[in-house]
1. For the stretch 204-269, run through the chymotrypsin sites (Phe, Trp or Tyr not before Pro) and keep only the ones in DSSP coil with at most 14 other Cβ atoms within 10 Å of their Cβ.
2. Go ahead and set up a Gaussian network model of the chain, Cα springs under 10 Å, then flag whichever of Lys27, Lys244, Lys146 fluctuates most.
3. Whole number in Å², please: accessible area per residue of the chain, 1.4 Å probe, ligands, DNA and RNA not counted.
4. Using DSSP to define loop residues, name the GluC sites (Glu not before Pro) in the stretch 110-143 whose beta-carbon has at most 12 other beta-carbon atoms within 10 Å.
5. Setting aside same-chain residues fewer than 8 positions from Lys231, which lysines have a Cα under 16 Å from its Cα?
6. Relative to the present Cα-Cα distance, how much length would full extension add between Ser101 and Ser65 at 0.36 nm per residue of separation?
7. If the cut-off is a Cα-Cα distance under 15 Å, which aspartates and glutamates reach Lys264, setting aside same-chain residues fewer than 8 apart in sequence?
8. Hey, got a sec? Which GluC sites (Glu not before Pro) in the stretch 180-269 land in a DSSP loop and have at most 12 other Cβ atoms within 10 Å?
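The values are calculated or read from the model by the stated rules, or taken from the named source; none is laboratory data. Fair warning: this is a prediction, and the values are worked out from it, not measured in the lab. All Cβ positions, glycine included, derive from the backbone under ideal geometry; neighbour counts span all protein chains shown. Just the protein is used for accessible areas: all its heavy atoms, side chains included, with ligands, DNA and RNA removed. Shrake-Rupley method; radii C 1.70, N 1.55, O 1.52, S 1.80 Å.
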Amino acid sequence: EALSGKTEMESAMWSLGAITYRMVTTKVPFDGKKPDDVRKSVGKGTISFIQAYFGNKQDCQDFISRLITSREKRMTPEEALNHPWIVKNTAEFVQKEASLSPAIVKALVKFADMEDLKRVLLSFLVSTLEARELETATKTFMALDKNSDGKLTKEELKEGMKTFAEADKLLEFLEKADQDQSGDINYREFCVASLGNSICKNKDKLAKGFSFLDKNKDGFISPDKLLEILKPFNTAVTQGELKKLIDKVDINKDGRISLKELQKVLKEN
């Protein structure tokens, strides 16, 4: 479908099947010595379910088979989400009763009070974290997201915060965390808000994030380069306003930003 220039949601579901196969086996479902061989293999659509990987995983095999199949037989996202293999393997991961921990509530409230630049910087820094570092935020988000649509509504958040005195901060948090102005909080926005406070206090995570910014490893990054890197993570302010905010990070005004300057800005407030 991609090779013929006709890709839609169904094509993405096919890709999900191929990615799942790779994750389970560490191999690709369609292979070949040359690109043309791979194209022919993809065209045939015949998958080899290796016994060593799928011997006792019939439900996993069925999940993949119902994705890597003809367009009209392919599962929809909702069907895939409710497939027995997914349901069985996420039952323990998803909490049945959703509630926010005091630490996460505190982080959400602090996020509501953060300056725009901090929120944009944290959006980038969270993108550098590994899956294990996101585990608590992920579990909480999945528990709160009752209909599994990948976003939290005001009502879902309110339910999770109902036992906390800070619940009155909810609307303010929603407005500030909802960086794409959709009216809901998506997974990335929730991770940024719930982990932001801990990242600001963690020197190792800040250093790791800065290393992604410092491409030539000289210990500095220019304000213009930082502006360019943060552009995809900024939906809160205009680029002009963001540039003015970034210029403030260059505390000693030498035309470059160091890790210490970044740490200082993030530790303030």
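1. Details: sites: Phe210, Phe212, Phe220, Phe233; in loops: none.
Passing sites in the stretch 204-269 do not exist.
2. Comparing Lys27, Lys244, Lys146 in a Gaussian network model of the chain, the most mobile one is Lys27.
3. Here the residues of the chain average 58 Å² of exposed surface.
4. Qualifying residues, ordered by number: Glu130.
5. Lys118, Lys243, Lys244
6. On the way: separation 36, 0.36 × 36 = 12.96 nm, distance 3.93 nm.
Once the chain is fully extended between Ser101 and Ser65, it gains 9.0 nm.
7. Within reach: Glu115, Asp204, Asp247, Asp250.
8. Glu268
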